[in-house]
1. If you take the beta carbon distance between residue 245 and residue 187 as r and set R0 to 25 Å, what does 1/(1 + (r/R0)^6) give as a FRET efficiency, to the nearest 0.05?
2. Taking all pairs of different Cα atoms in segment 136-303, averaging 1/r and flipping that mean, what Kirkwood radius in angstroms comes out?
3. Give 117/216; 206/276; 226/276 a once-over and call out the pairs whose C-alpha atoms are over 22 Å from each other.
4. Across the Cα atoms of segment 102-214, what radius of gyration and what greatest pairwise Cα-Cα distance (Dmax) are found, in Å?
5. For residue 290 paired with residue 155, estimate the spin-label separation in nm (one decimal), with each label point 7 Å from Cα along the Cα-to-Cβ line.
6. Can you give me the distance in nm between label points at residue 86 and residue 171, each placed 7 Å from the Cα along the Cα-to-Cβ direction?
7. In percent, how large is the relative contact order of segment 189-318, given Cα pairs closer than 8 Å and 6 or more residues apart?
8. Going by average Cβ density within 10 Å per residue, which order do the peptides 262-273, 223-234 take, highest to lowest?
Amino acid sequence: MDPKKAIHAQVKNAPQGAGGADSPSKPKDGWDKADVVGKIVGSLFIPLVVLLASYSINVALQKRADQLKTIEIAITILQSDKADNSPLLKDWALGVLQSTAKSASQTIPAPVIEELKKTPLPSNAGTKGQFPIVGLRFTPEEFEKYVSKLEFPEWRPSFIVIHNTGSPNLDDWRSIPGETRMRNLADFYATVQGLSGGPHLFVDDKGIWVFNPLDKPGVHSPSWNKVSIGVEMVGDYTREKVDPAVLNNTVRAVAILDAAFKIQANTLKFHSDDPKTSHVCPGPNLHKEDLIPRIAALLECHSRQQACSPERSPARTE
Ligand SMILES: [Zn+2]
C-alpha cells in the first residue's frame, strides 16, 4: 500500500475526538490534517530513529573494542623478542600501528619503523615495580633435580637464613591458589615495599615454592642479602605450632641447598640473628634444634648415598 494512503487510512479510522481538541462534526482543515499526520509520523519515526541510533552506537562500540583489541595484539607482537622469527607477523603489527597513527592524524617516521623492525618495542614488564620470580612449586625430589641443573655464575651463598611468613599464616596461605600468591607477593614486595627481590623459597605443607631465582641474590635480611639464601616457612610461629609437613619440607629443602653449595648444617641462621633487624622472625615456636640436627642427618645420609627421609634419625642403615 502507498504509505501516504496508509497514513490517510489511519487518520480516517482514528477514533474521533480521541485527543479532545477536534469536534467530531467539524471538518478538518489542511493544518489539522498536517498536524495529525505529523504526530503519527512522529510516533512511528522517533522509536525507529532511537532504535537505529542505539544499534549504530552498539556497532560503533563493538568496532572500537575490536580495534583496541587488534592494537593490543599488534603491540604485544612488537614487544616480543620472538617476533624477529616471524617477519610477516611483525610487518602486520607495524601496519596496524601505522594505520592507528594515521587515523589520529599522526605519522610514524620511516626511521622509527625501520628501528621497530630490528628492535622490540620497550615493555613495562620487568621494569615497572616488578622483578623476575620463578613462581613454581616442587616436591623435595623435584627440587633436588631443579637445583642440580642450576648454575651460579653471579654468586655463591654461604649460609641459609630461616624466616616465617607470619601473615599469611598457613591457613591464610591456602586460601588462594599458589601461583596467584606468588604474583601477589611479587607485586607487594616491588610496589608496596619498593624492593628489587624477595626470599628465595616459600615452603608450605605441599612443597617448596621457588620465588626469587636461586641463581641471584634475594632481599630478605638486611645484613645478609648478598651472602645467603632466604627461606620462608609458611606459618606464624609466634602464635602457632610449626606444621610437621612444613618442617619436613624445610629440612629437605635446606639439606638440598646445603649439599649443592657445600654448606655445613650448623651455619643455619634465623632472621632474628641479623643484628640489623628487630623482627621476631621466625618466632619463638621454632627452634634451631628442630632443624639443624635433622638437616645434618640428611646431609650425612646423602653423603653415604643412601635413601634418606627427613623423619628418620641419622643412621638409617637398612
Ligand atoms: Zn624474616
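1. Once the sixth-power term is evaluated, E becomes 0.35.
2. Evaluated on segment 136-303, it is 15.8 Å.
3. 117/216; 206/276
4. So, for segment 102-214, Rg and Dmax equal 19.8, 60 Å respectively.
5. 2.7 nm
6. Label at residue 86, label at residue 171, 4.8 nm between them.
7. Details: 189 pairs, mean separation 26.1, N = 130.
Relative contact order of segment 189-318: 20 percent.
8. In descending order of packing, they fall as 223-234, 262-273.
Computed from the coordinates by the stated procedures, all read-outs in this text should not be read as laboratory data. A quick note: this is a predicted structure, and the numbers were derived from the prediction, not measured. Glycine also receives a Cβ, built like all others from the backbone with ideal geometry; neighbour counts cover every protein chain displayed.
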